[in-house]
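The values are calculated or read from the model by the stated rules, or taken from the named source; none is laboratory data. On a predicted model such as this, the values are computed, not experimentally measured, just so you know. Please note: Cβ atoms are built from the backbone with ideal geometry, for glycine as well, and neighbour counts cover all protein chains shown. Please note that ligands, DNA and RNA were not included when accessible areas were found on the heavy atoms of the full protein model with its side chains. Shrake-Rupley method; radii C 1.70, N 1.55, O 1.52, S 1.80 Å.
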Amino acid sequence: MAESARLGLYLPILVPLATAVAAAFLGRLPRTRRAISVAGSAVLLACGVWLVIQVRQEGVIASNAGSWPAPFGITLVADLLSALLVVVAGGIGLAVTIFSVTGIDPLRERGGFHSLVHILLMGVCGAFLTGDLFNLYVWFEVMLVSSFILMALGGTRGQMSASIHYVTLNLLSSALFLAGTGILYGMVGSLNMADVSVHMRDLGGTPYPYILLSLFLVAFGIKAAAFPLFFWLPASYHAPPIAVTTLFSALLTKVGVYAIIRVTTLVFAAQADAMRPLLLAVAGLTMVTGVLGAIAQGEMRRLLAFHIISQIGYLLMGAGLGSPLALAATVFFFVHVIAAKSALFMVTGIVRSLRRTSELADLGGLARSSPLLAGLFLVPALSLAGLPPLSGFWAKFAMVKAGLDAGSIPIVIVALVVSLLTLFSMTKIWAEAFWKPAPGGPVEDALGAPRAALVVPALALGAVTVLLGLGAEPFFALSLRAAEQLLDPAGYVSVVLGP
């Protein structure tokens with residue numbers, strides 16, 4: 001393997017680590033910290049793009065740290081799914097750090113906000129690239145610690161209460177994950193995912209792999225905020241600053257879904273078919289409870305937090321169907337929903353900056369006073385609901401077609417109904433915040449230069465949903481190739497362990 005490919009595996013972990021250290025020790029002035037943070041995110045995005053190019057050229061790539069051969073050493077592995085998600089992590093990191101230039105107060109900046117963001121990005125990229133279950137647990141803990149501090153940073157009463165909700169269930173998830181990892185190591189003497197998948201094929205006739213898979217699915221289901229383990233998310237995501245909420249909504253639950261896909265297509269590929277009906281049932285219930293919770297909310301950020309849950313249901317639907325088309329739709333959906341939801345949270349932040357509230361009852365007239373802001377909301381909102389020609393339409397169209405091809409009519413009906421209810425909840429925000437007159441009379445909302453750093457990333461993410469929709473064919477071809485790699489565990493195993 002070319003040295004450039006090996007280097008590409010390590011850079012998405014080393015770059016955020018170096019950025020976090022530099023922001024902590026070199027960024028004595030606020031402008032220096034912000035410049036380091038934005039530059040580090042841009043470099044991470046470039047590293048992700050380079051990694052995708054390497055994987056497209058060479059296929060799955062792997063590297064063993066310290067030249068210890070697999071399965072004994074620490075292995076980093078990249079296929080198209082993990083490489084694409086590294087690109088997404090870099091892109092969201094760049095958008096959030098630009099947004100935080102004026103969206104984060106000086107107190108939180110001095111408290112280490114920028115360093116913590118990059119430690120979180122390091123954990124996310126490490127989780128996407130690790131080839132070892134124990135190291136996946138380690139990266140989950142890196143994410144948990146950094147995200148807990150980011151959520152509590154500022155020390156308000158609401159933040160502390162939300163942090164307790166957040167950390168309690170996530171610690172339960174970590175405990176279940178660690179227990180499953182220990183039991184698995186006791187069974188097969190290895191935690192390398194490629195090596196374990198070989199052992200699981202040999203244990204196909206025993207009940208133990210199914211019990212272990214169930215344990216891992218519960219642990220990752222908590223991380224992903226899947227039904228019925230999602231209560232921590234709406235209880236906590238409304239409390240921190242919008243920049244933090246945006247970062248969390250884009251990446252944290254998606255790492256949980258990624259882990260579910262990885263264990264069902266690789267580690268427990270031989271047992272996954274038996275669990276797919278359960279995954280589809282959980283997917284449907286996650287969609288329904290999330291969207292109904294969103295409809296019941298009267299505050300923009302809480303409403304969008306429940307939509308994180310409902311959209312996770314679509315990703316779980318792809319994992320539950322498990323066909324090439326379904327997994328390709330899941331890859332496409334990852335990129336679509338991260339961009340659309342992040343843009344909507346950023347719009348919420350701009351609304352709060354203008355009006356000092358995001359309660360729908362207290363808002364109004366934004367479409368007249370700020371047409372640009374109305375457009376920034378409308379495009380990702382319609383994409384989230386699945387209207388053509390935006391990215392959400394093609395993601396849901398492919399998912400529904402995969403469900404019809406598999407004969408899974410109930411989950412298809414649920415997906416279509418939830419899409420209509422999503423449109424209803426988006427029109428609720430539009431009618432209350434943008435279209436109705438402002439409660440206190442006409443308001444002048446100026447998106448001046450100080451708010452440019454808030455508008456630019458929201459505009460860029462909204463543009464991603466448009467470009468993905470208009471250029472769906474080439475990106476879906478890439479997604480289909482990623483799905484084929486996922487469904488060929490033998491190729492992954494041979495790269496990691498050797499022929």
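The stretch between Ala18 and Met160, if pulled fully straight at 0.36 nm per residue, gains 48.2 nm over its current Cα-Cα span. The charge dipole of the chain, taken about its Cα centre with unit charges on the Cβ of Lys, Arg, Asp and Glu (plus for the first two, minus for the last two), comes to roughly 1140 debye. Averaged over its residues, the chain has an accessible area of 36 Å² per residue, based on protein heavy atoms and a 1.4 Å probe. Listed values for the stretch 208-218 are Karplus-derived 3J(HN,Hα) couplings in whole Hz (6.51 cos²θ - 1.76 cosθ + 1.60, θ = phi - 60°), namely 4, x, 5, 5, 5, 4, 4, 5, 5, 5, 5, and x replaces Gly and Pro.
In the chain, if the dipole is taken from +1 on Lys/Arg beta carbons and -1 on Asp/Glu beta carbons about the Cα centre, which of Val145, Ala219, Ile242 is farthest to the positive end? Sorting the options by dipole projection puts first Ile242. Tell me, what is the percent relative contact order of the stretch 271-484, built from C-alpha pairs under 8 Å that lie six or more residues apart? That works out to 30 percent. Expressed as an acute angle from 0 to 90° and rounded to the nearest 10, what is the orientation of the C-alpha long axis of helix 133-152 relative to the principal long axis of the chain? Around 20 degrees separate the two axes. Phi angles across the stretch 346-361 convert, under the Karplus curve 6.51 cos²θ - 1.76 cosθ + 1.60 with θ = phi - 60°, into 3J(HN,Hα) values of 5, 4, 4, x, 5, 4, 5, 5, 7, 10, 6, 7, 10, 6, 4, 5 Hz, Gly and Pro given as x.
Could you tell me how many degrees, from 0 to 90 and to the nearest 10, lie between the Cα long axis of helix 113-129 and the main elongation axis, the longest principal axis, of the Cα atoms of the chain? For helix 113-129, the angle is close to 30 degrees.
Excluding same-chain neighbours fewer than eight residues apart, the lysines reachable from Lys436 by a Cα-Cα span under 27 Å are Lys341, Lys428. In this simple spin-label model, placing a label point 7 Å from the Cα along the Cα-to-Cβ direction at both Ser494 and Asp405 gives a separation of 2.4 nm.
Residue ranges 146-152, 53-59, 196-202 sort as 146-152, 196-202, 53-59 when ordered by packing (mean number of other C-beta atoms within 10 Å per residue, highest first).
Based on Cα contacts under 8 Å between residues 6+ apart, the stretch 218-282 shows a relative contact order of 37 percent. Taking every DSSP helix (H) stretch of at least 4 residues in the chain, weighting each as -39,500 (n - 2.57) and dividing the sum by the residue count yields a mean residue ellipticity at 222 nm of -25500 deg cm²/dmol. For the pair the stretch 139-199 / the stretch 243-287, the C-alpha centres are spaced 15 Å from each other.
Relative protection proxy for 391-398, 293-300, from highest mean packing down: 391-398, 293-300 (other beta-carbon atoms within 10 angstrom).
Of the residues Gly364, Trp394, Ser479, the one whose Cα sits farthest toward the positive end of the charge dipole of the stretch 271-484, with +1 on the Cβ of Lys and Arg and -1 on the Cβ of Asp and Glu, is Gly364. Protein heavy-atom surface of the chain, 1.4 angstrom probe: 71% of the accessible area is carbon and sulfur, with nucleic acids and ligands not counted. For the stretch 157-165, putting each phi into the Karplus relation 6.51 cos²θ - 1.76 cosθ + 1.60 with θ = phi - 60° gives couplings of 4, x, 5, 5, 5, 5, 5, 5, 4 Hz, in residue order, rounded to whole numbers and with x for Gly and Pro. Note down the relative contact order for the chain as a percent, whole number, built from C-alpha pairs under 8 angstrom at least six residues apart. Relative CO of the chain lands at 16 percent. Against the longest principal axis of the chain, how steep is helix 409-429, in degrees 0 to 90 to the nearest 10, with axes from Cα atoms? Result, in degrees: 30. Each Lys and Arg adds +1 at its Cβ and each Asp and Glu adds -1 at its Cβ; summed about the Cα centre, the stretch 29-127 shows a dipole of about 360 debye.
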